[in-house]
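Structure first, then comments.
Laboratory data are not the source of any read-out in this text; all were calculated from the coordinates shown. Since we're looking at a predicted model, the values are computed, not measured. Backbone-built Cβ (ideal geometry, glycine too); neighbour counts: all protein chains shown.
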Amino acid sequence: MPQHERPARALTLSDGAPGIALLHLEHGSGDDRALRTAHRWLSDAVGLAHAAPEYVAQAAPGLYRGVPALSFAMTRAAVVAGRPLRAAERLAGHVRAYARALVARERRRRPQDGECVSAGTYDVISGLTGLGAHLLDGRGRGCDTLAEVLTALTALTEPLRVDGRALPGWWTGPGGAAEGEPVSGPCAGHARAGLAHGAPGPLALLALAWEAGATVPGHERAVRVLAEWLMGIRQHGAEGSWWPRTLVLGPGGAAVPRETGPGRPSWCHGTVGIARALFLAGRALDVPEWREGAVDAWRTALASARRTHDGPVGARLTDAGLCHGWSGVLQATWRMADDTGDAALRAELPWLAERVLDLADIDDHFGLLPPLAHGEHTSDPAGFLTGAAGVALALHTFATDTAPVTRWDRALLLA
């Protein structure tokens, strides 16, 4: 198999060399051996970019693939090195170009004519939110581009008007278009509520940018629109509040939850990702109701996770990874406990770490049961988003009880 087709050598944050390098960079701040290992992974990624330019050219312009993925890892290397790195600065210029191109594409969309956005245009993994998170870290030279990204995400909160009715501006059409291209026909579409691909992603970025003093016209209003939408779609049951994963159009034309009950408390689509975005918004604009709603839903989700842990497989998390596994819940809960000082959340951390370690396998090359396949795709067991590198990073946060030196979880919009 060619090198660039092997996930562990691919130029991605999710499965490839840049994401794996993040683990060694985090350890490298106090360990020269780890730093040398990180350097080898980064060198491998740079070599891939030179050896397989067609792979780089075909990669989606989001944070998790191609040049932006390598750029994100290189900026973490600069943090550990304590000085600017020429390679990081060069790559950052390419990231700004990708972001401007995606902004220009979004400007061509016609929401007034019912043309929907695609999740790949604005989400954390493939779109403007992920690129904006990276630009927020190094906004010295990229302030103008960051402002363009924030402006585009702010505009996304303007309603989509179709046949006399208003839908959320982030309503996604039924699909069929190329990734990142606008699509028409909202009647068969949906609005996603998860952090990875839905409205909480832009909300988290806008909140973090607000706190960093990177603001644009309409910024505060956009945060309020997104946060109030999340508050409005909360569902309430006997055990507490929860969020649906997706909203669709009901028989009467109103947006209604597709799910009838809470799902898994994962980072990508579940309560912990959604609640983290809502909390960040409440912290940024000092809205206690949002912060308290986020913490209450978090407690409910963790209590449910305890109850279902020994129940049917379909109702619980079944892998260790950051994206849809226990490590993502662990890292997000550590961030929330650290920010809020909430004793109940902090008390859950050892139990969450145990759930991660339940999936350890000393006979596996990477010390974990391999991630589950999703359709025809199997994530690399060494990777950042679903594999061992991300698991080790979350366990490192828990074990040291210290915020990541490299702030690697900026890639998850957790901080």
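Here is how the numbers come out for the structure above:
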read-out: Once the Cα gyration tensor of region 182-285 is diagonalised, semi-axes √(5λ) in Å; value: 24, 18, 12
read-out: Full-stretch length increase - residue 220, residue 143 - with 0.36 nm per residue and alpha-carbon distance subtracted; value: 25.9 nm
read-out: Ranked by how many other beta carbons lie within 10 Å on average, peptides 332-345, 211-224 from highest; value: 332-345, 211-224
read-out: For the chain, built as a Gaussian network whose Cα springs stay under 10 Å, the top-fluctuating residue of 349, 42, 11; value: 349
read-out: Full-extension gain in nm, residue 318 to residue 36, via 0.36 nm per residue minus C-alpha separation; value: 98.2 nm
read-out: Where labels lie 7 Å past Cα in the beta-carbon direction, separation of residue 292 and residue 310 in nm; value: 3.5 nm
read-out: Within a Gaussian network of the chain (alpha carbon springs, distance under 10 Å), most fluctuating of 18, 159, 68; value: 159
read-out: GNM top mover of 355, 76, 90 - the chain, alpha-carbon springs below 10 Å; value: 90
read-out: MRE, 222 nm, helices only [DSSP H, n ≥ 4, -39500 (n - 2.57), over the chain, to nearest 500]; value: -16500 deg cm²/dmol
read-out: Fraction of antiparallel bridges per DSSP, the chain only, in percent to nearest 5; value: 95 percent
read-out: J(HN,Hα) series, region 36-50, from Karplus relation 6.51 cos²θ - 1.76 cosθ + 1.60, nearest Hz, glycine and proline x; value: 5, 5, 4, 4, 5, 5, 5, 4, 4, 5, 4, x, 4, 4, 7
read-out: Region 192-348 shape via C-alpha gyration tensor axes, a/c threshold 1.5; value: oblate
read-out: Whole-angstrom gap from region 269-345 to region 388-414, using each part's C-alpha centre; value: 16 Å
read-out: Using θ = phi - 60° and Karplus 6.51 cos²θ - 1.76 cosθ + 1.60, couplings along region 104-115 (whole Hz; Gly, Pro as x); value: 4, 4, 5, 5, 7, 5, 10, x, 5, 9, x, 8
read-out: Value in Å of the Kirkwood radius, where the chain supplies the Cα pairs that are averaged; value: 21.4 Å
read-out: Inter-part distance where region 219-243 and region 78-94 are each reduced to a Cα centre, Å; value: 38 Å
read-out: Label point distance in nm, residue 51-residue 402, each placed 7 Å from Cα along Cα→Cβ; value: 3.5 nm
read-out: Extension gain (nm, one decimal) between residue 113 and residue 161, 0.36 nm per residue minus Cα-Cα; value: 16.6 nm
read-out: The chain, dipole about Cα centre (Lys/Arg Cβ +1, Asp/Glu Cβ -1), debye to the nearest 20; value: 860 debye
read-out: Amide H partners (placed H, <5 Å) of residue 65, local residues excluded; value: 13
read-out: HN-Hα J in Hz across region 24-35 - Karplus 6.51, -1.76, 1.60, θ = phi - 60°, x for Gly and Pro; value: 6, 5, 4, 6, x, 5, x, 8, 5, 5, 4, 5
